[in-house]
Amino acid sequence: MSFLIAVAALVALALIVVTLAVKSFIVICPPNRIAVITGRTREMPDGTKVGYRVLRGGRTLRWPIIEKVQFMDLNTIAIEVAVQNAYSRGAIPLNVQGIANIKLSSRAGLLENSVERFLGRPADYIPRLAKETLEANLRGVLATLTPEEVNEDRLKFAQTLIEEADDDIRKLGLELDVLKIQNVTDEAGYLDSVGRRQTALVLKEARVAEAQRQAEAQAEEAAAQKRAEIARVEAELEVVERQNELRVRTAELDLIAVAKEQQAKVEADRSRVVAEQELELARIELQKRRLEADVIAPARANKEALELQAKGEAAKIIEDGQAQIEVFRRLVEQYRSAGDDAEEIFVLNMLPDIIDKIVSTVNGIDIDRISIIDGGGAEAGLPQMLSQLPGSVVKLSEQIENATGVDILSRLSAPARPSTSDS
């Protein structure tokens with residue numbers, strides 16, 4: 001167990017040693033810094049030999065014992081620039097205060113200047129040197145400008161100062177990012193006098209301008225009143241014209257309305273007449289249809305029914321006639337086949353009808369009862385009535401004979417003839 005622990009400790013120690021060794025070989029530079037690696041001589045592109053190389057961000061390898069690594073910051077440095085009693089053009093002493101932002105230059109050709117001048121220097125060395133350089137340039141620029149130019153056009157003053165100081169700053173290996181003039185004063189009160197003079201001039205111009213503006217305003221006001229009055233009169237005239245046009249238009253519209261009204265009345269009357277005519281035609285058509293439905297159609301139907309009934313009755317009569325003809329034909333055939341007995345058969349067949357005809361003559365007589373009055377004697381009463389019956393029968397047979405020409409009693413009393421079949 002102790003052996004394993006010792007092996008693990010040796011492995012961990014070896015890893016630490018290897019890590020430290022690898023770390024000592026690798027140089028990593030952040031983007032806001034430059035790494036200056038010294039210790040070995042290198043030949044530059046122009047043929048000169050230097051004993052260092054510069055890394056601007058990234059990583060590289062170095063020999064731990066032979067080469068040494070030093071870092072320089074590329075961050076912006078803000079410095080205050082101020083000069084006192086610096087004479088401007090015209091021998092007016094001025095006090096100027098400004099602020100500048102500088103940094104180490106990382107451009108090719110300027111980076112070597114910064115390395116050669118500031119590598120290993122303390123942190124306050126770069127701002128102090130840049131401040132002294134900019135103040136010297138500031139005094140030189142002030143000598144070429146008047147106090148009015150310095151005070152009134154500070155942007156131009158700052159641009160001139162930048163152009164003047166840029167070459168000196170670049171030679172030092174620095175870059176001037178921003179330079180702004182904050183304040184310009186003088187102890188002699190020159191700028192105040194200029195200001196008061198400018199103020200008086202401005203006030204004078206303001207009063208003149210105000211008077212001119214008042215005159216112009218009054219003139220404009222008068223002109224405006226004139227235009228307003230003219231506009232009012234023109235507006236009133238236009239109103240009157242519009243009112244006249246309105247009255248004319250109103251009269252025209254009234255005439256048009258009256259004409260339209262009359263036309264509408266005529267159209268209404270015409271529409272009413274047309275409607276009444278159409279209504280009357282509808283009534284006539286309705287009456288025709290009603291007459292057709294109530295009279296003509298029933299009459300036509302009745303006519304057709306009567307025609308059908310007449311045809312039916314005629315057909316019945318024709319059929320009955322045909323049947324009777326057939327009956328008569330067969331009777332004739334029977335009578336012919338009967339020979340001499342045909343007359344007796346005919347009379348016998350006709351006898352029920354004849355008797356019915358005779359009886360029908362007394363159908364309207366209702367005999368409730370018969371009373372026989374006995375008058376005395378042997379032949380009075382019932383014997384007398386019974387003795388009258390043969391005479392009544394003889395009279396009835398005489399009536400039948402008179403009606404038909406056939407003597408029924410003689411036919412009935414004659415002996416029967418032998419039939420043809422018996423013979």
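Annotations for the structure displayed:
- For region 62-108, the extents of the C-alpha atoms along the principal axes are 62, 19, 16 Å, listed from largest to smallest.
- D_trans [Stokes-Einstein, Kirkwood Rh over alpha-carbon pairs] for region 75-188, 4 °C, 1.567 mPa s, µm² s⁻¹: 89 µm²/s
- Förster radius 25 Å - calculated FRET efficiency between GLN84 and ASP168 (Cβ-Cβ, nearest 0.05): 0.75
- One chain, two ends: GLU280 and LYS180. Fully extended at 0.36 nm per residue, the span grows by 25.0 nm beyond their Cα-Cα distance.
- Exposure proxy ranking for ILE99, ILE318, based on other Cβ atoms within 10 angstrom of each Cβ and starting from the fewest, stands as ILE318, ILE99.
- Residues of type lysines that LYS171 reaches as a straight line, Cα spacing below 22 Å, ignoring anything fewer than 8 places off in the same chain: LYS49, LYS103, LYS131, LYS180
- Computed over the alpha carbons of region 2-71, Rg followed by Dmax gives 17.6, 63 Å.
- R0 of 45 Å, Cβ-Cβ distance ARG270-VAL239: FRET efficiency to nearest 0.05: 0.50
- Of the residues VAL50, GLN70, SER24, the one whose Cα sits farthest towards the positive end of the charge dipole of region 23-100 is SER24 (charges of +1 on Lys and Arg Cβ, -1 on Asp and Glu Cβ, taken about the Cα centre).
- Footprinting exposure proxy ranking of LEU155, LEU138, LEU145, fewest other C-beta atoms within 10 angstrom first, gives LEU155, LEU145, LEU138.
Each value in this text was obtained by applying a stated rule to the coordinates, not by laboratory testing. Predicted model, so just to flag it, every value in this text is computed and none were measured. Reconstructed Cβ throughout: ideal geometry from the backbone, glycine too, with neighbour counts over all protein chains shown.
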